[in-house]
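Reading through the structure tokens given below for one structure.
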Amino acid sequence: MTSPITQIIPEIGSRFIDNWFVKSASNHESVLRITLERSDGDQVVWRLQRAETPGPRSPFDTSGWQIAYENTSVAYDQLIPCGQAWMNLVQLHGSTLSSAWTTTTNDTWQTRIQAELLDQPQRSVRLGDLLRPEELPKFACTLPWTRLEASQGGFIGPCCLEYQRGRWPNDDSPAALWNGPALQAFRRTLANHQAPMATCRPTCPVLLAGNERAENVRIYGGSAASLQAQVRSIESLLRGDSIVSGWPSQVCLTVTSYCNYDCLMCPHGEEGRIDDQLTPSFYAGLTQMLEGVCILELNGGEPLASPYLRGFLEEIDSNQYSHLRINLITNGSYLSEKQLERFEKVPWGNLTFSLNAATAATYKLVNRGLEFSRIQAHLEAVHAVRRQVAHRANVTYSMVLLLANFHEIEAFFDLAQRDGADVRYLLPFRDRHGSSLMTQRVAMETAQLALERVADRLERQNRMRQSRDVRANAQILAQRIQAGVFQAL
Ligand SMILES: C[S@@+](CC[C@H](N)C(=O)[O-])C[C@H]1O[C@@H](n2cnc3c(N)ncnc32)[C@H](O)[C@@H]1O
Ligand code: SF4
């Protein structure tokens, strides 16, 4: 943004009011779009423009200005203080805002990306905030232009294997696979709006929810090279190319099917094998792409059980890839203090620890791995590192809801609170060892009420996204109880 605006609107990353922070701002064709983010991660895009027609059209319109917010799930009463702050701001500084536009309206989206995101790894913008709707392709899903996933069993694609119709072998380097037959086929299908789709199942939840349409593509802040790589991929997306000249901004890896635990509800401990782990040559190929990869997701089996992954992570230098965040889902058993030291330069984004229990007795019953006290020591080491480093990784504690642990739902939340961690509850798939919560009415009723209480507590703390996720699980339980469905998912 040009200086007159930055004198009026707080700088990106700083507080707007209360717990709302300025996430991004763009100024295009006389419309100023400012994304505000609340400390719980909820975002609202505000649109400020000179009113063309007299008379208020939104409750916040004032002094010849339209002040509107774009679709958001944040409740209206929580938007009122921001709306009022914008009203005050345009009443005081409206003329300065107007004059600032004339200097920037000819910016291209590529130059606005540079202006907003260069060397700003903590920021991101939506493509829908950079381009008008008519400039965006109408593809039902954009993942084939932004994402590469290596799935269990040696398969490759843009998304979860369950969403795909065919099976494509992971038989080359990641860079070659990115423009190989699989990804090209997905791109052709989606760019040509083919239905029924040869590549994607009609039941794919991404397709059904439409949440990976072009307006939701995110561009992440970082070095000039990383922005360049993302811009090239987006240019390919806008043209509907089947060959993409940039790199995927997201890579998701099932590192190995092997696991050193044998959790009650999970088949990996019994069925997983280490000989399917991704190879050193795969990681060498991945390294070639890292200048463009902004999010690397690691799952398994137990990802850290793979010595090849540990070797790759030990070599990564966050200083070299300021835009990169690595998200890991783990049982935590390998993250000893010593191992954490070897991972010193890993740019962790989110660390999800699957604890599934709030007490040692339940941990032993469900997770069937190390002693709870050892895992707690590992967690303490993780939290100590988090306190020291400038970029704080987000930590989430995860619990699959089972007959063995539902009585600890609230205690689990207390544990996460104590450690400054987010919380995630998952409904169990299948019914391994008769462990599923979904088969017994009384357990489901008790769990539903406990989840509602956790959701209420999260809401009182203004952690709306987590509250919604927790309540969604409570609602699924309530619906099944009401319908008398007591069988595993
Ligand atoms: C398969 S694990 C792999 C990563 C790692 N080993 C871990 O436990 O976090 C990924 C996630 O799936 C969850 N999970 C395991 N079995 C499940 C089941 N039957 N239903 C739903 N989630 C399950 C785990 O708790 C974990 O959060
Ligand atoms: S630690 Fe993770 S992968 Fe291993 S058995 Fe438990 S849930 Fe499954």
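Quick note: the coordinates plus some simple rules give every number you see, no bench work behind them. Computed from a predicted model, the values in this text were never measured in an experiment. Positions of Cβ are generated from backbone atoms using ideal geometry, with glycine treated the same way; all protein chains shown enter the neighbour counts.
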Give the long-range amide H neighbours of Leu426: residues separated by 5 or more places, or on another chain, with amide H under 5 Å away, using H modelled in the peptide plane at 1.01 Å from N.
-> Met399, Val400, Leu401
Using alpha carbon centers only, region 148-167 is separated from region 176-236 by a whole-angstrom value of 14 Å
On Cα atoms only, tilt of 181-191 relative to the major axis of the chain in degrees | 40 degrees
Using per-residue counts of other Cβ atoms within 10 Å, averaged over each peptide, order 262-270, 111-119, 202-210 from highest down.
-> 262-270, 111-119, 202-210
Express in nm, to one decimal, how much length is gained between Arg232 and Asn394 on full extension, taking 0.36 nm for each residue of separation and deducting their alpha carbon distance.
-> 55.4 nm
For Gln376 and Ala483 in the same chain, what is the full-extension length gain: residue separation times 0.36 nm, less their Cα-Cα distance, in nm?
-> 34.5 nm
Which whole-Hz couplings ³J(HN,Hα) result when phi for each residue of region 356-364 is put into the Karplus expression 6.51 cos²θ - 1.76 cosθ + 1.60, θ = phi - 60°, listed in order with x for Gly and Pro?
-> 6, 7, 10, 10, 4, 5, 5, 4, 5
Where a ≥ b ≥ c are the square roots of the eigenvalues of the C-alpha gyration tensor, would you call region 350-403 rounded, which needs a/c under 1.5, or, failing that, prolate if a/b is larger than b/c, or oblate?
-> oblate
The ³J(HN,Hα) series, computed from each phi in region 210-219 with the Karplus coefficients 6.51, -1.76 and 1.60 at θ = phi - 60°, rounded to the nearest Hz and given as x for glycine or proline, is x, 8, 10, 6, 4, 5, 8, 4, 9, 10
Ranked packing of 251-260, 191-200, 309-318, 16-25, most packed first, by mean Cβ within 10 Å = 251-260, 16-25, 309-318, 191-200
Does region 381-460 classify as rounded, prolate or oblate by the C-alpha gyration tensor (a ≥ b ≥ c root eigenvalues; a/c under 1.5 gives rounded; else a/b over b/c gives prolate, otherwise oblate)?
-> prolate
Relative to the longest principal axis of the C-alpha atoms of the chain, give the angle of the C-alpha long axis of helix 76-101, reported between 0 and 90° and rounded to the nearest 10°.
-> 40 degrees
Please work out the Cα center distance from region 122-139 to region 359-403, rounded to the nearest Å.
-> 38 Å
Report, to the nearest 10°, how far helix 409-419 tilts away from the longest principal axis of the Cα atoms in the chain, using its own Cα long axis and a range of 0 to 90°.
-> 60 degrees
Under the 7 Å Cα-to-Cβ spin-label approximation, Glu445 and Asp414 lie apart by a distance in nanometres of 2.4 nm
With +1 on the Cβ of every Lys and Arg and -1 on the Cβ of every Asp and Glu, the dipole magnitude of the chain about its Cα centre, in debye rounded to the nearest 20, is 560 debye
Spacing of the two label points (7 Å from each Cα toward its C-beta) at Asp18 and Glu134, in nm | 3.7 nm
Tensor-based shape of the chain (alpha-carbon gyration tensor, a/c under 1.5 rounded, otherwise prolate or oblate) | prolate
Charge dipole of the chain built from unit charges on the beta carbon (Lys, Arg +1; Asp, Glu -1), centred at mean Cα; most positive-end Cα among Ile409, Ile316, Val206 is Val206
Could you check the simple spin-label distance between Ser281 and Gln114, using points 7 Å along Cα→Cβ, in nm with one decimal?
-> 4.0 nm
Share antiparallel - DSSP beta bridges, the chain, percent rounded to 5 = 55 percent
For region 143-420, the Cα-Cα pair-distance distribution in 5 Å bins from 0, as whole percents, is 1, 5, 12, 16, 17, 16, 14, 11, 6, 3, 1, 0
